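The values are calculated or read from the model by the stated rules, or taken from the named source; none is laboratory data. Quick caveat, the model's predicted, so the values are computed rather than measured. With ideal geometry, Cβ positions are generated from the backbone for all residues, glycine too; neighbour counts draw on all protein chains shown. Areas reflect the complete protein model, heavy atoms only, side chains present, ligands, DNA and RNA absent. Shrake-Rupley method; radii C 1.70, N 1.55, O 1.52, S 1.80 Å.
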Amino acid sequence: MALGSFLATGALFGRAYAGSATKGDNAPAQPNNAHGEPGNNPNIASAPVATTPQDALYRPTIHFTPSTGFMNDPNGLIFDGHYYHLYYQYNPYAPYAGHVHWGHAVSTDLYHWQDLPTAIEETEAGEAYSGCAVLDRDNRSGLFPPRTSQNPQPGAATTAAQEAAQDLAPELQKGRPVDLTASEREVLGIEPPKDGLFHELPHPVAEDISPAPMDTGFPPMAGGLVALYTRATPQRQTQYVAWSPDGGQSFIDYTKNPILDIGHNSFRDPKVLWHSDSGKWVMVVVRARDHKVSFYGSFDLLHWMHLSDFGPAGVIGVDYECPSLIEVPVEGEGKNDTRWVLFVSVNPGGPQGGSITQYFVGHFDGERFEPEDTVVGLTDFAKDSYALQTYENMPGGVKTYFAWLNNWQYCEEVPNKKWRGTMTLPRQIVLIRDEAGWLRLVQNPYRLEALRLKALPFNKKRLPQQSSTQVAIPVMQAIEVLLDVTIEDRGTVDPDGDQGRSGRFAAIFSNRQGESLSIGFDAFSSQMWLDRSNLHGFSHPFFTGSFSSPLVPGSKRFKWRIILDASTLEVFANDGMSVGSALVFPTNPLEALTLQVTNAAATLHHVEIFPLRATMNRAVDG
């Protein structure tokens, strides 16, 4: 049987199986996730949140943060030809996980963001857990109404939800509440809850934000933007599809949701891609507590057939979450050489503690992912990068992602209280072979250079042993430091106390209160460290103080790109071969950068220090 016929037939049986799985309470007796949701407690959700000085002190100026409330995983990352869309897991009511909606912001450069109203709401059907957005150009789903009544798109059947949306289009565009009948509310999935699952609370964001005039970059097409995501209750997690009548500002749920239900309460986080070689959509989704990534295929985004499973593999931890599959170029080999990379987040159970993202390099034929080797990589050597998701439809086909710069071990207890949650900088990724011949993920900030202001003066070319030099840095402003350094030969490798056997180099950010944040390199072991333990704004048993990463074995030369932005630190070592992401909480702003060496001199091949132009327009009070 031909693959297409096989899939088409299988999709019908898969749909029937999924439907039968929804009858009765067949969900496995497993927790629906590894972290609690205190924000769902009515007492917490309705309690007023007082602004504190830490809200402003720790608010980054070039990283995306929510105006208020709690943000975690990036969702639905897609470029529409004009706007980059950033959807994200969001509790608008309190700075804790719970009442999960899809928050939404748009940008033209991935740094300057405009908030938009919530795109997908929590409903009585459940919270809106993580998912993705795709561009259904040809209306393969049939979800989009015909463009004209005289020339309908073949096979595009108008659903009740679409008819309701057309009637409500003017009000939807205004982003204002409208009077709906009970049946219209049911069709649109916004029926007020009949029980205590979804508490009626004032929305602190959507009420005072009007949609931007969205002139998307989409050319005229039969279809449009489609979201696929998990609807979650304590009893069940199922996959939903929704279509947007207005370029991504809002979404209308398909009337026959869920599109995928295996009777499981730990089945979530769909990421969908178009696989051109097999001519179908492919979904990667996790059976979280079973430690499996499942692959499904579809021709219309509505009917899905199970193709294969991957795992358990790599770091197991407690739950798998937020899978992502992407074809990534291999630099330094053939012009069109690529590999498929499967990202899987794990929480808790990361080697550094808590939540981490791992990746596998291999091949994907449209049905099955096969790792190229037994190597599993981690995206980060520190512990504050999780739930990575890559952008769809990026200009030039570059591979770019956001991750959540936090960790489930302490994300709801960090000292800022009006808002919680930060995205990493946007990062472009490629694969490069390391000195041992293994394919490694290489990550670097995407077009950060556009934010550089005039470099701070610095003209030293060498640091003699046991010396240092210091530069004042602007406070409450992001800063980028570029370093290319060689530790010179000490003449011996005999132990020398805490000085290092072959010398050590450190870049230290500090303030007059005696706090310090250091990034260092030990020449004898060719390893680097990141140490935040001498910052005193936050203490927690799981808030690990220091981290390390090997660089090139036997080499005393290294390159760093360091970005410090309020409570965020990102270090890209050796052109992005090793990356560390860490939250940092000094009690007072860091105001000086010191470069120092111990018992061996250092040649400074290149040093540049750039203040970075602020891009996030948030209130001064945080």
- Note on the structure: HN-Hα couplings for the range 55-66 via Karplus (6.51, -1.76, 1.60; θ = phi - 60°), in whole Hz with x for Gly/Pro, come out as 4, 7, 4, 9, 7, x, 9, 10, 9, 6, 9, x
- In terms of solvent-accessible area of protein heavy atoms at a 1.4 angstrom probe, what is the ranking of T422, T587, highest value first? T587, T422
- Item | Long-range amide H partners of W113 with built H, under 5 Å | N617
- In nm, what is the difference between 0.36 nm times the number of residues separating E591 and D489 and their Cα-Cα distance? 33.5 nm
- Query: If the viscosity is 1.002 mPa s and the temperature 20 °C, what translational diffusion coefficient in µm²/s does Stokes-Einstein give for the range 378-437 when Rh comes from Kirkwood over Cα pairs?
  - Reply: 157
- Item | Two-site label geometry, D434 and D498: point separation in nm, points 7 Å out along Cα→Cβ | 2.9
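Using R₀ = 22 Å, calculate the FRET efficiency as 1/(1 + (r/R₀)^6) where r is the Cβ-Cβ separation of Q470 and R557; round to 0.05. If you can, show how the numbers build up before the last one.
Numbers: r = 23 Å, r/R0 = 1.06.
That pair, Q470 with R557, gives E of 0.40.
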- Task: At 7 Å along the Cα-to-beta-carbon direction for both T52 and H82, put a label point, then send me their distance in nm to one decimal.
- Result: 4.2
- Message: Using the Kirkwood radius over C-alpha pairs as Rh, can you work out the diffusion coefficient of the range 411-538 via Stokes-Einstein at 10 °C, viscosity 1.306 mPa s, in µm² per second?
- Response: 86
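For a Förster distance of 51 Å, can you work out the FRET efficiency between the beta-carbons of N534 and R147, rounded to the nearest 0.05?
The value I calculate is 0.25.
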- Task: Determine the gain in length on full extension of the stretch D373-Q527; use 0.36 nm per residue of separation and subtract their C-alpha separation, reporting nm with one decimal.
- Result: 52.9 nm
- Taking a ≥ b ≥ c as the square roots of the eigenvalues of the Cα gyration tensor of the range 248-397, is the shape rounded (a/c under 1.5), prolate (a/b larger than b/c) or oblate? oblate
- So what is the accessible area of the range 265-345 per residue, in Å², with the probe set to 1.4 Å? 30
- Checking rank on 65-76, 523-534, with mean other Cβ inside 10 Å and highest first, the result is 65-76, 523-534
- To the nearest Å, what is the center-to-center distance of the range 293-335 and the range 486-525, using C-alpha atoms only? 41
- Message: Rolling a 1.4 Å sphere over the protein heavy atoms, what is the accessible area per residue of the range 523-622, to the nearest Å²?
- Response: 36
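Is the range 303-343 rounded, prolate or oblate when judged by the Cα gyration tensor, a ≥ b ≥ c being the square roots of its eigenvalues, rounded requiring a/c under 1.5 and prolate requiring a/b larger than b/c? Display every interim value, and only then the final one.
Working: a/c = 3.04, a/b = 1.62, b/c = 1.87.
Oblate.
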